[in-house]
Amino acid sequence: MHCEVQKMREIALVYLDRSGGLQKFVHDCKKYNDSKQSYAVYRFIISINPSDIAELDATLGNYILHNPIQAAQIFQSVCFIAIKTLALIEQLQTEAQISILLKPTHLPPLPSYVLSLSAFPFNYTSQRFYMSEGIAIAMGTVTKYTQGARFLCTEETCPFSEGRFRYIRVHLPGATESATVRNDFVCSLCSSPLQEDMKFRVLGDKQIVEMIDAKVLNALKGYSNDKSYFRIQTFTVFLRDELANKMKIGNHYKIIGIPACVQNGLQATACMEVNSVQLCKPNGPSFVSDNFKSLLSLTSSSCWRFTAILANIFASQVVPPGTYNTLKLAILLSLVQTCEKENADYLDLLIVTSDTLVVDRLLNYSICLLPRGIRHPPSSEIFPSVSKDKYGTGSASIQACSAVLAKGGICYIGDLSSYKKDKLELLQSVLESRTTAVFIPGKKYGEEADQQVTISVQTNFWSFVNVDSSSKKHTQKDNFLIGQMDVSLIPPNLVDVFGLLIYSEFPSCRLSSPLVHHILKKAINPEAMLYKVSQQFRMQDYEEFILFARNFHVELSSEAENLIQGYYLASRRVRRDSIHGSTLSASALKILISLSKAHTKLSLRKKVLEEDVLIAILLLESSLTLKHGKSALCVAPNPVFPFDLSDENSLQQRDSYLMQCHHQLLKFIGAYGSGIHINTNEE
């Protein structure tokens, strides 16, 4: 056995030399040596590529993967000999003072190296490297732990009562604080009690994170075709030292570490000591279905037809084709404006409706097209909250919530009128800043000072208001402007910060019959495909299409930019009163740009054209009319879909109508946007 260990030490030295690890080790030693301070423990991180080291020596490669704690002792011996031979650290006395952390760059892509957070049982008894992944749903504050400590014999006549670093305790994966530092150690020479030399205690940072399998996102959707059943359980991971604060709540991570079992009173908790953390970024599909490609080709003569047909046939499993077209277009635009960037173009939807059941079903269906579509359960919090961690440390733990779990997706919060005033005020603040703050009182959680943690909220919000409940609970005002909708149930400032306000009235009498037939047939046979278009453009096709389109990077053309600027300035001049000034908020410009880009993405183009801006302006103007009444632009009640789309002629008729709207828009800008020049076709 000694010969095998000696051979592995030699191979370890060769690997360190070839990989550049020896050079980094010498550099780290220089930092310790220059400090001229004696430490109980000298900590070194060694990066290990399992493939490279297995090619050098299969035995050592296998030893590292399956016995990492013992393998660290191999490198510990090599490092100690190197330090003494090259005189790298003058203060170092014993090999026990060296703490080695092995960090594998990756693990073999085999099932035996994957620790599933949703599988049972957890294989936490074998202390070897595993790979796992999940979403961080709770994060504790950073606290201190003991990396290492020096103990001395209490018997004054004992040689180990002073001087040498004989008794060194070092933290091992899965060990608690009491395992590293306690008062029942005895001297191996005289059997007297050992006492810690507090001057040499080495402290490090520690953070406790709760993770959960990404499958939990499927359970938080309002509607799903996936009928499979699975078990979900949170999993505790420990981030130490340089890994503290490497995770952000709500993100999806792939981790490599050593599982362990931590005893807390009568409870045993399976956990993982993390060695490396890698952020998982979603990769969208690189294609769309052939049916969408064919449709795009057939509608290439117009910049408006493709998106019109997309909206017309969308969600045919929930509502008949041709119904709720404006709402469905807004939903598709919001879906493609989802990403995990800090300064993304968000598009929130607030729907005013008298038919909450159908709208709720439509929104539930739509959020399932994204990996992170979350239906907020009323019993939980929308935004992060803080509580004491469950490991008895008394420190604070920030709990994730619907808005954070929906990062890069949609958070559907249901009926807005069901929330109390304080929740609505918090929602308004988040919509304005896209951040939320969690206050942690220091006195309550054992800290010296209070803390405030700011968390970014990178999601689109969807909600609806029942127009009937609004009129029942509040006395209607008498001074409504033409086209203005009564949403007095919701604070005006909150209505303003939602990107789009959409009035989704119950379909006309002519269309109500197909809707009733659809609902009845679905109630009898939920799995039935009622329309041919449902088979041609399946839910999976739309899912792939959305994920493909939202990754498009689009830019504004100069013509589109001029049209946006002209409309915005003209609207600010038109929409104003003598008391409050302009009723058009500054955020309207961002919403207009976001809508224009969204329509471009939905059209599978990378350049925003005037045609995209026109659709955005009509949607925004319709929303502003509901909020503040009609303006001089005076758009129709349903400006984007003024009539049914049943055949080629109706599409041609809509194109002609939109061209007239474009001409009318240019006249409006010319009349009220003084100083703005827009090129017209006549010129």
Computed FRET value (nearest 0.05) for residue 157 with residue 90, which takes r as the C-beta separation and R₀ as 35 Å: 0.75
Most to least packed among 311-321, 234-244 [average Cβ atoms within 10 Å]: 311-321, 234-244
Rel. contact order, % - alpha carbon contacts under 8 angstrom, at least six apart, the chain: 11 percent
Theoretical gain in end-to-end length, residue 671 to residue 291 [0.36 nm per residue, Cα-Cα removed]: 132.4 nm
Proximal aspartates and glutamates to residue 606, defined as alpha-carbon separation beneath 12 angstrom and excluding residues fewer than eight positions away on the same chain: 555
Value of [θ]222 nm, deg cm²/dmol, for the chain, DSSP H segments ≥ 4, -39500 (n - 2.57) each, nearest 500: -11500 deg cm²/dmol
Burial order of peptide ranges 599-608, 69-78 (average beta-carbon count within 10 Å, highest first): 599-608, 69-78
The chain shape via C-alpha gyration tensor axes, a/c threshold 1.5: prolate
C-alpha center-to-center spacing [region 626-666, region 81-112] in angstrom: 71 Å
Inter-label distance for residue 3 and residue 429, nm, one decimal - labels placed 7 Å from Cα along Cα-to-Cβ: 7.2 nm
Per residue accessible area in Å² of region 1-96, where ligands, DNA and RNA are left out and the probe is 1.4 Å: 53 Å²
Between 0 and 90°, nearest 10: helix 356-367 axis offset from the chain longest Cα axis: 50 degrees
Tilt relative to the chain, helix 558-574 - C-alpha long axis, 0 to 90 degrees, to 10: 70 degrees
Additional length obtainable on full extension of the chain from residue 533 to residue 69, 0.36 nm per residue less Cα span: 161.1 nm
For peptides 283-292, 330-339, 145-154, sequence by mean Cβ density within 10 Å, most packed first: 330-339, 145-154, 283-292
Estimated FRET transfer efficiency (residue 660, residue 559; beta-carbon r; R0 25 Å; 0.05): 0.85
Computed lengthening from residue 648 to residue 517, 0.36 nm per intervening residue step minus Cα-Cα distance: 44.6 nm
Förster radius 30 Å - calculated FRET efficiency between residue 634 and residue 468 (Cβ-Cβ, nearest 0.05): 0.60
Those aspartates and glutamates that a straight Cα-Cα span of less than 17 Å connects to residue 443, excepting residues fewer than 8 apart in one chain: 389
Where Rh is the Kirkwood radius over Cα pairs, Rg/Rh for region 1-105: 0.96
Entries of 221/248; 341/532; 248/607 with Cα pairs more than 26 Å apart: 341/532; 248/607
Region 1-105, accessible surface, carbon-and-sulfur percent (1.4 angstrom probe): 52 percent
Euclidean distance of C-alpha centroids, region 323-384 and region 514-584, integer Å: 11 Å
Principal-axis tilt of helix 587-602 within the chain, Cα atoms, nearest 10 degrees: 90 degrees
Candidate aspartates and glutamates for bridging to residue 281, where Cα separation is under 16 Å - those fewer than 8 sequence places away on the same chain excluded: 133, 213, 340, 342
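The values are calculated or read from the model by the stated rules, or taken from the named source; none is laboratory data. Keep in mind it's a predicted model, so treat the numbers as computed, not measured. A quick note on method: Cβ atoms are made from the backbone with ideal geometry, for glycine too, and the neighbour counts reach across all protein chains shown. These accessible areas exclude ligands, DNA and RNA; they are computed on the full protein's heavy atoms, side chains included. Shrake-Rupley method; radii C 1.70, N 1.55, O 1.52, S 1.80 Å.
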